[in-house]
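Novice: Please find one structure pasted underneath; my questions will follow.
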Amino acid sequence: MYHFTALVTLLALMFYFYTSIGVARARAKYGIKAPAISGNPDFERVFRVQMNTLEWLPIFLPSLWLFAIYVSDAIAAVLGLVWIAGRFLYMTGYAEAAQKRSRGFGIQAGAAGALLLGSLGAILWRLVHG
């Protein structure tokens with residue numbers, strides 16, 4: 001069973017849901033009517049956090065689950081929590097200024113890369129030594 005990975009998956013989806021609510025609130029706060037996505041730099045940064053999170057989910061979630069299956073549920077969950085923490089730092093940094101998003105971005109990209117490469121390595125190892 002992959003209980004830890006399942007829990008982290010739900011936490012990641014809850015984080016994404018939170019960013020979606022943030023966009024809705026920012027639309028109201030800055031007067032940006034749908035479908036517009038520009039017009040106020042503060043809104044645009046909130047919107048980019050949500051979109052960037054969405055752009056990373058197709059890399060993160062399959063890698064998370066493949067790592068859990070082929071390597072370890074617990075280690076996948078820890079790396080998943082690091083990914084979420086990186087996304088949180090990205091969000092809070094970007095809310096202040098676009099230049100402050102880099103640290104969070106690097107942390108989440110590193111966690112996603114570890115999950116992706118770890119999964120690939122484990123699958124290839126099993127193919128060769130299976």
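The values are calculated or read from the model by the stated rules, or taken from the named source; none is laboratory data. Small disclaimer: the values here were computed from a predicted structure and weren't measured. Every residue, glycine as well, gets a Cβ built from its backbone with ideal geometry; the counts of neighbours run over all protein chains shown.
Novice: Working only within the stretch 81-101, note down all residues that are basic (Lys, Arg) and surrounded by fewer than 21 Cβ atoms within 10 Å (Cβ to Cβ).
Specialist: Lys100
Novice: Six or more apart or on different chains, Cβ under 6 Å: which pairs go from a residue in the stretch 106-130 that's surrounded by fewer than 17 Cβ atoms within 10 Å (Cβ to Cβ) to one that's at pLDDT 95 or above? Could you list them?
Specialist: Ala122/Tyr70; Ala122/Val71; Ile123/Tyr70
Novice: Oh, and also: Using the structure shown, decide if Phe4 is closer than 21 Å to Ile123 by Cα and surrounded by 18 or more Cβ atoms within 10 Å (Cβ to Cβ).
Specialist: yes
Novice: Can you pull out the residues in the stretch 13-51 that are within 11 Å of the chain's Cα centre (by Cα), in contact (Cβ under 8 Å) with a residue 24 or more places away in the chain and either surrounded by fewer than 18 Cβ atoms within 10 Å (Cβ to Cβ) or within 24 Å of Tyr2 (Cα to Cα) (or both)?
Specialist: Scanning the stretch 13-51 gives Phe15, Tyr16.
Novice: Could you check how many residues of the stretch 73-88 are touching a Lys or Arg at 6+ places or on another chain (Cβ under 9 Å) and touching a residue at least 60 places away in the same chain (Cβ under 8 Å)?
Specialist: Final tally of qualifying residues: 0.
Novice: Okay, moving on. Please indicate, with yes or no, whether at least one residue in the stretch 64-72 is surrounded by fewer than 19 Cβ atoms within 10 Å (Cβ to Cβ) and without any contact (Cβ under 8 Å) to a residue 40 or more places away in the chain.
Specialist: Yes: one or more hits.
Novice: When you go through (1) within 23 Å of Arg25 (Cα to Cα); (2) over 14 Å from the mean Cα position of the chain (by Cα) one by one for Thr92, which number turns out not to apply?
Specialist: Only one criterion is unmet by Thr92, namely (2).
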